[in-house]
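What follows is a short report on a single structure.
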Amino acid sequence: MILQRRFLRACRAAARRMKVADSLGTRLTGRDVLVRTLVARRVLERVLDPDERMVGVMLPPTAGAAIVNAALALSGRVAVNLNYTSTQPILDVCIERARLAHVISSPQFLSRVNLSLGDRLLDAGGLRGRATAVDKALAFAQAVLVPLPLLERSLGLDRVRPDDVLTVIFTSGSTGDPKGVVLTEDNVGSNVRAIDALLHLSPGDVALGVLPFFHSYGYTTTLWTPLTLEPAVVYHTDPRDAKVVGTLAREHHATILMATPTFLRIYARRTPPEDFASLECVFGAAEKLPTDVCDAFERRFGVRPSEAYGATELSPLVAANVPPARHVPGRPADAREGTVGRPILGCRARITDRDGERDLPVGEEGLLWITGPNVMRGYLDRPDLTAKVVRDGWYCTGDIARLDHEGFITITGRESRFSKIGGEMVPHLSIEEAVNAELGAADGELLAVVTAVPDPAKGERLVVFHLPTAHDPRDVVRRLGQRGLPNLWVPAADSFAEIAEIPVLGSGKLDLKRLGDMAQARFAGADGP
């Protein structure tokens with residue numbers, strides 16, 4: 001069943017109970033959500049050109065943003081949620097590549113994020129003002145009185161197919177130029193079904209919606225999952241705002257938190273313990289979930305985060321560890337710390353050599369490939385780039401991993417986070433963890449990050465960017481050697497550089513592209529800083 005049809009049923013099932021709320025004070029029942037979505041659909045049908053297939057959306061996570069996305073889906077259009085933490089040039093590139101005639105946002109929000117949409121702006125507030133009494137009356141009748149089969153036909157949902165495009169999400173740009181990832185109804189729908197199978201969601205569940213919709217993690221898990229299944233969702237516009245997130249969790253008895261390790265670090269330091277007392281399932285994904293982040297979060301809140309794994313091109317979920325609160329007694333183990341879990345429903349994983357030519361035995365480390373209904377249709381208007389990463393239905397993640405005999409996946413690094421030095425592959429993450437430990441990082445803090453620049457003698461040179469510290473780089477280097485790190489893994493003391501803050505994207509992931517640019521500017525072609 002396509003997501004739009006599931007949405008209609010979920011809203012009717014939750015007609016009298018809270019379905020969507022946000023930190024702006026909005027609190028909507030399922031009936032309210034459906035009525036407002038149908039009203040928004042009618043307004044958009046009048047405002048947008050009939051041939052306008054893709055429509056931009058640039059709004060933070062709120063009830064209004066969720067309704068806009070659902071209304072576009074009900075009208076058979078493709079919502080393109082744009083990254084409002086990006087730069088103006090990157091935003092312009094995304095708009096141009098998706099050929100967007102309109103982007104739904106608000107002037108107040110745009111001024112806050114210091115971005116411009118020019119004459120493409122469709123003011124969300126202005127759209128609400130265009131709703132007539134007739135729109136509201138007809139939407140109410142559709143939401144409450146019209147039988148579902150008739151409502152689906154009147155909305156044209158009987159013509160929507162699983163391979164129809166649902167959304168285009170631009171990659172974060174953490175490693176380069178953003179690409180438009182085309183996701184279908186079944187891509188996202190298969191993820192929603194898998195999440196339900198993993199967590200056994202119920203009307204008693206309330207998800208905290210702190211992730212942006214321009215990131216596939218937020219789009220699938222905190223937009224379509226609660227809109228089409230039984231849980232409710234509570235949105236907040238800024239995932240770093242630990243006190244407000246905590247207050248929302250306490251007031252709405254939140255049970256599920258999807259976040260990145262970066263945001264979990266913030267909550268572990270700044271959210272009062274009692275605010276997260278109702279949480280049962282906490283996930284850290286989009287980047288490696290360090291053990292010290294899990295330890296700090298569990299000490300403070302009594303619930304241990306579980307690691308999940310995915311990629312935008314995979315809608316995004318690939319694998320997850322099931323939290324103890326959702327483990328079904330009598331079933332085989334479905335969580336193993338240190339791994340990212342088993343592949344989700346419908347997915348398969350395999351490991352090959354670095355060239356992708358030869359499958360490797362269980363337990364050996366190599367490139368991770370995934371196949372299943374979550375594999376994207378492709379990159380927008382870039383069949384050449386698609387062909388580089390998708391072969392015979394298998395997507396190359398670019399991550400280095402190994403599989404065990406029970407199917408659990410252990411991610412050991414990312415190809416882009418390795419350096420080839422003296423002919424050997426050197427993992428940045430392992431060095432990063434050791435440097436942070438030597439700098440005294442506690443409770444999952446990230447005090448330093450590792451990248452590299454080309455080196456004519458050894459191939460590449462390791463670079464460490466760190467926050468202000470009293471530690472002398474020469475002492476850190478000496479202690480790294482004493483830890484038993486191979487010599488090739490130990491950065492030179494003159495390859496350390498102090499920075500004011502660690503660069504991260506709006507999604508909470510490390511901004512690898514900016515790190516690389518900083519390293520080039522500071523170290524490339526130089527013997528020292």
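The values are calculated or read from the model by the stated rules, or taken from the named source; none is laboratory data. What you see is a predicted model, and the numbers here were worked out from it, not measured in a lab. Here Cβ is always computed from backbone atoms with ideal geometry, including for glycine, and neighbour counts include all displayed protein chains. Note: accessible area is taken over every heavy atom of the protein model, side chains too, but ligands, DNA and RNA are not part of it. Shrake-Rupley method; radii C 1.70, N 1.55, O 1.52, S 1.80 Å.
For this structure, a couple of remarks:
- Among 497, 516, 487 - extreme Cα towards positive end, dipole of the range 459-529, charges at beta-carbon: 487
- The range 438-505: GluC sites (Glu not before Pro) falling in loop per DSSP and having at most 10 other Cβ within 10 Å: 501
- Electrostatic bookkeeping for residue 275 treats Lys and Arg as +1 and Asp and Glu as -1; over the other residues with beta carbon under 12 Å from its beta carbon, the sum is +2.
- Solvent-accessible area per residue for the range 1-125 (1.4 angstrom probe, square angstrom): 41 Å²
- The candidate values were (i) 88, 48, 45; (ii) 103, 58, 38; (iii) 74, 54, 47; the one computed from these coordinates for Cα extents along the principal axes in Å carries the label (iii).
- The heavy atoms of residue 294 present about 10 square angstrom of accessible area, all protein chains included, probe 1.4 Å.
- The range 186-333 shape via C-alpha gyration tensor axes, a/c threshold 1.5: rounded
- The mean sequence separation of alpha-carbon pairs under 8 Å and at least six residues apart, normalised by the residue count of the chain, gives a relative contact order of 11 percent.
- Surface per residue (accessible, 1.4 Å probe) for the range 338-404, Å²: 48 Å²
- Over the range 136-214, accessible surface divided per residue gives 36 Å², non-protein components excluded, 1.4 Å probe.
- Helix 63-74 and the long axis of the chain differ in direction by around 70°, with both axes built from C-alpha atoms.
- Sulfur and carbon atoms: percent of accessible area, the chain [1.4 Å]: 51 percent
- Helix 291-301 axis, angle to the chain major axis (alpha carbon atoms, nearest 10°): 50 degrees
- For the chain, share of DSSP beta bridges that run antiparallel, in % to the nearest 5: 60 percent
- Those GluC sites (Glu not before Pro) in the range 342-430 that DSSP places in a loop and that have at most 12 other beta carbons within 10 Å: 357, 364, 406
- The order of the peptides 197-203, 130-136, 234-240 by mean Cβ neighbours within 10 Å, most packed first, is 234-240, 197-203, 130-136.
- Cα gyration tensor, the range 1-153 - rounded (a/c under 1.5), prolate or oblate: prolate
- In the chain, helices alone account for a calculated mean residue ellipticity at 222 nm of -9500 deg cm²/dmol, with every DSSP H run of four or more residues adding -39,500 (n - 2.57).
- Gyration tensor (alpha-carbon) shape descriptor, the range 398-525, a/c threshold 1.5: rounded
- Net charge dipole, the range 180-308: roughly 440 debye, given to the nearest 20, about the Cα centre with Cβ charges of +1 for Lys and Arg and -1 for Asp and Glu.
- The chain: angle of helix 473-482 to the longest principal axis, Cα-based, in degrees nearest 10: 80 degrees
- Listed peptides 4-11, 43-50 by packing density, highest first (mean Cβ within 10 Å): 4-11, 43-50
- For the pair residue 442 and residue 336, a Förster radius of 22 Å applied to the C-beta separation gives a FRET efficiency near 0.30, rounded to the nearest 0.05.
- Each peptide in 62-73, 463-474, 339-350 receives the mean, over its residues, of other Cβ atoms within 10 Å, and ordering these scores from highest gives 62-73, 339-350, 463-474.
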